[in-house]
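Here's the structure we're looking at; comments come further down.
The values are calculated or read from the model by the stated rules, or taken from the named source; none is laboratory data. This is a predicted model, so every value here is computed, not measured. Every residue, glycine as well, gets a Cβ built from its backbone with ideal geometry; the counts of neighbours run over all protein chains shown. What goes into the accessible areas is simple: the full protein's heavy atoms, side chains included, and nothing from ligands, DNA or RNA. Shrake-Rupley method; radii C 1.70, N 1.55, O 1.52, S 1.80 Å.
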Amino acid sequence: QVQLVESGGGSAQAGGSLKLSCVASGRTDRRYAMAWFRQRSGKEREFVAAIGWSGASTRIGDSVKGRFTISRVTATNTRTLHMDFLEHEDTGVYYCAGACRESPSKDSEDYALWGQGTQVTVSS
């Protein structure tokens, strides 16, 4: 069984940067695509970014395109969400998700594994 553990997040000023990391532990011999979703107050869970198993393919949500990127560190089985030019509207709980597939997906229903979530707060 695979567990996802998130780290990073916290608080930042608008225009600043934060980094979120997600480490997969346990049975990681399978190929997992991983993604970040977020839930802002009063809104539905929203796709942020996803990366395929190899790291060669990524998908970025429209609301963060040009500001956020996602990367993979193979040696540590870590996926990192780099958040630049943060806006107050980026405030929310960010969740790491994993799917036993090679290609990245924007659909939360494709992901069976979820982290516990980490809070990101951006002050304007």
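At a glance:
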| quantity | calculated |
| --- | --- |
| Residue list for segment 83-124, filter: hydroxyl-bearing (Ser, Thr, Tyr), surrounded by 14 or more Cβ atoms within 10 Å (Cβ to Cβ) and not in a loop (DSSP other than H, G, I, E, B) | Tyr94, Tyr95, Ser108, Thr118, Thr121 |
| Segment 67-76 - residue that is part of a strand (DSSP E or B) and of a type in the set (Val, Ile, Thr) and, of those, least open to solvent (accessible area, probe 1.4 Å) | Ile70 |
| Only listed residue being in a strand (DSSP E or B) and of a type in the set (Val, Ile, Thr), chosen from Val48, Val64 | Val48 |
| Residues satisfying the stated conditions in segment 70-104, i.e. hydroxyl-bearing (Ser, Thr, Tyr) and in contact with a Leu (Cβ under 8 Å, 6 or more places away or on another chain) | Thr80, Tyr94 |
| Tally, over segment 24-49, of residues that are surrounded by 23 or more Cβ atoms within 10 Å (Cβ to Cβ) and β-branched (Val, Ile, Thr) | 1 |
| Pair list, Cβ under 8 Å, 6 or more apart: segment 68-86 residue over 11 Å from Ala49 (Cα atoms) and among the hydroxyl-bearing types (Ser, Thr, Tyr), other residue open to solvent by 40 Å² or more (accessible area, probe 1.4 Å) and not in a helix (DSSP H, G or I) | Thr76/Val23; Thr78/Val23; Thr78/Arg72 |
